[in-house]
2 protein chains.
Amino acid sequence: MMTSYACDLAAVCDAAARIAGVVHHTPVMTSETLDSRAGRRVFLKCENLQKVGAFKYRGASNAVRKLTVAQATRGVVTHSSGNHAQALALAARVRGIPAYIVMPKTAPAVKKAAVEGYGGIVTECEPNLAAREEAAAALVAKTGATLIPPFDHVDVIAGQGTAALELLEDVPDLDALVTPVGGGGLLAGCCIAAQGMKPTIRVFGAEPLGADDAARSKAKGEWQPQTAPNTIADGLLTSTGELTWPIIRDRVERVFTVSDDQIRAAMRFIWERMKLIVEPSGAVGVAVVLTDEFKAHADIGSVGIVISGGNVSLDKLYW
Amino acid sequence: MMTSYACDLAAVCDAAARIAGVVHHTPVMTSETLDSRAGRRVFLKCENLQKVGAFKYRGASNAVRKLTVAQATRGVVTHSSGNHAQALALAARVRGIPAYIVMPKTAPAVKKAAVEGYGGIVTECEPNLAAREEAAAALVAKTGATLIPPFDHVDVIAGQGTAALELLEDVPDLDALVTPVGGGGLLAGCCIAAQGMKPTIRVFGAEPLGADDAARSKAKGEWQPQTAPNTIADGLLTSTGELTWPIIRDRVERVFTVSDDQIRAAMRFIWERMKLIVEPSGAVGVAVVLTDEFKAHADIGSVGIVISGGNVSLDKLYW
């Protein structure tokens, strides 16, 4: 029944071929101390070392490279103030096409500068979803550019799945995989890829308590929205989407939640002991694996965790 | 005339075989932005990702593993408050022998705790070199343990050289190599290894202006001491040694110096753009490669840089 989903293993493999040489095959890092604290072998797939500092460059690159020449000429559009905005801007620049990025006028100047640094053309709007969607639609109407949303898009989901494909290439004997979940593009894509490669692998989501829509949705068995999210993991605020939710609903075993304090502790561990800069959203998987609840799964000998990104301000401390 | 030095390529190769599987073969990282800023291809040998967070684990492991069973049983001694202390403590624990570490009583509690965390037995002394040497000698007399100094020791120099051996295995076509220089164990060992592997490679030292004894020694052609060092790069305060200086004198092309502001800027670049935690001493090579002086070497197409360590306090900002 895999064809009933937005994405299948073949789509992820196509994406991998399409973006080969464009995205980094990121390293997998291990730590004896982490293994010992987690009670099992842990393999970190370091997407914080991906271009633009996040896995988002995979999906954006796949979507941009899949456009026809006629489509590509007119460019791409998205509304985002996060890593997807930077990822799409760079993916477009690499193909030599314009990227129109709608950002709320309240977005930090440093984020706007980052998008512009990658060649993105920023349009500011009021800081609410309706204004963002309206501004993006207006750009599509005006330029004929293609809208590439941050997660609920077949090519984006397939692109994000390539992270799991690489991880299983490098560490084939994983018993389980944990990825952060916000909109669910990473979790859905990695789930399809990992189970396609290795049907017995167990796939889990990792979510902040302050934006736990996916955990609530899984617990209830039906989609629940995220309202008023409040967490340090600012990349995971959104609800899952129409395309990502069915995959998460049917194929992910469970979504675990962790507090912001647990996220900060995991983040600090990764900085201090593994010497890797990870953003709060990127540390959520490690935080989950260190919970007693996860450790109780005694039959999981080895677990892969996607460290999703490393874009943080270095002008403040997080602890 | 290589046999006139403390170390030759054969010693480095022996060390590599001896510590294989014990030390990490650390990854080499690249950044298009760094290449563009440096005006050439740059390859970072990430010894901040080495066990104990620094290259020092190579030399300490080589020295500890080379001891005879009779020597090993009696343990090892050093005086250090830096990365060598932690490295020796862990290397000894891995062999199952005692490590006696003399530290000044003024050393930060966190450094003492780190050594003890690796199983080291700490002896505190007055914060001066005479007191440290006396305390170490007393431990040797009492326990029969072997003194393993932080840099001026044949097995330590050979062990540090394995970093360059790995780098040239992974990136054989390097035109030049830059490493930080404090006591000179890393620079001397890497110089011997790199020129042994590839006689045409050009080897440079990188030193903070506030502890520029090696640069002054090179400029004068004879050994100069370091007095009253003052730099953020606290791993590079010492003078070069009796064994390391002749290698640096004869085989290193030049030692470049950089200011603390240049070191901080390089450190921030590595944190921010490459998502790697590097300590000030570890960033000195990158700082050098970004100077106009180094860039003026137009004939160097590719340069390898040893990022020597990543042990920093995360309770403060460095900029």
One decimal, nm, nearest first: from residue A:268 to the same residue in each other copy, label points 7 Å out along Cα→Cβ, the values are 2.4
Ordering B:108-114, B:93-99 by per-residue average of other C-beta atoms within 10 angstrom, highest first, gives B:93-99, B:108-114
Short version: ³J(HN,Hα) in whole Hz for each residue of the range A:198-215, in order, from phi by Karplus 6.51 cos²θ - 1.76 cosθ + 1.60 (θ = phi - 60°), x for Gly and Pro, what are they?
-> 9, x, 7, 5, 9, 10, 10, x, 10, 9, x, 3, x, 7, 9, 4, 5, 5
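Averaged across A:26-32, how many Cβ atoms of other chains sit within 10 Å of each residue's Cβ atom?
Working: counts 0, 5, 1, 3, 1, 2, 1.
Average per residue, whole number: 2.
Relative contact order, percent, of chain B when contacts are C-alpha pairs under 8 Å separated by at least 6 residues?
21 percent
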Taking GluC sites (Glu not before Pro) as exposed when in a DSSP loop with at most 10 other Cβ atoms inside 10 Å, chain B has its longest clean stretch at B:1-221
Taking the Cα centre of the range A:57-147 as origin and charging only Cβ (+1 Lys, Arg; -1 Asp, Glu), how large is the dipole, in debye to the nearest 20?
-> 380 debye
Whose amide H sits under 5 Å from the amide H of residue A:123, counting only residues 5 or more places off or on another chain, with H placed in the peptide plane?
-> A:101, A:102, A:103
Dipole moment magnitude, nearest 20 debye, chain A about Cα centre, only Lys, Arg, Asp, Glu C-beta charged = 640 debye
Quick one: net charge of residue B:66's neighbours, Cβ under 14 Å, K/R +1, D/E -1?
-> +2
Charge tally in the Cβ shell below 13 Å around residue A:105, where Lys, Arg are +1 and Asp, Glu are -1, residue A:105 excluded | +1
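Taking the Cα centre of the range A:265-318 as origin, sum charge times position over the Cβ atoms of Lys and Arg (+1) and Asp and Glu (-1), and report the length of that vector in debye to the nearest 20. Mind dumping the intermediate values first?
Values: 5 positive and 6 negative charges, 41 e Å.
With Lys and Arg at +1 and Asp and Glu at -1, about 200 debye.
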Note the angle between two axes, namely the Cα long axis of helix B:83-95 and the longest principal axis of the Cα atoms of chain B, as a number of degrees from 0 to 90, rounded to the nearest 10.
-> 60 degrees
To the nearest 10 degrees, how steep is helix A:129-143 against the longest Cα principal axis of chain A, on a 0 to 90 scale?
-> 50 degrees
When DSSP beta bridges are limited to those with both residues in chain B, what percentage is antiparallel, rounded to the nearest 5?
-> 10 percent
Estimated [θ] at 222 nm from DSSP helical runs (n ≥ 4, -39500 (n - 2.57)) normalised by residues in chain A, nearest 500 | -13500 deg cm²/dmol
Please name whichever of A:200, B:304, A:278 sits farthest to the positive end of the charge dipole of the protein assembly as shown, dipole taken about the Cα centre and charges placed at Cβ: Lys and Arg +1, Asp and Glu -1.
-> A:200
Nearest-ten-degree value, helix A:260-274 long axis tilted from longest Cα axis of chain A | 80 degrees
Bridge type composition, the protein assembly as shown - antiparallel percent by DSSP, nearest 5 | 10 percent
Surrounding charge for residue B:19, neighbours by C-beta under 12 angstrom, Lys/Arg +1, Asp/Glu -1, total +3
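Here, each number is a calculation from the coordinates, and none is a lab measurement. Every value quoted in this text rests on a predicted model; they were computed, and no experiment measured them. When we count neighbours, we look across all protein chains shown, and the Cβ atoms used for this are built from the backbone with ideal geometry, even at glycine.
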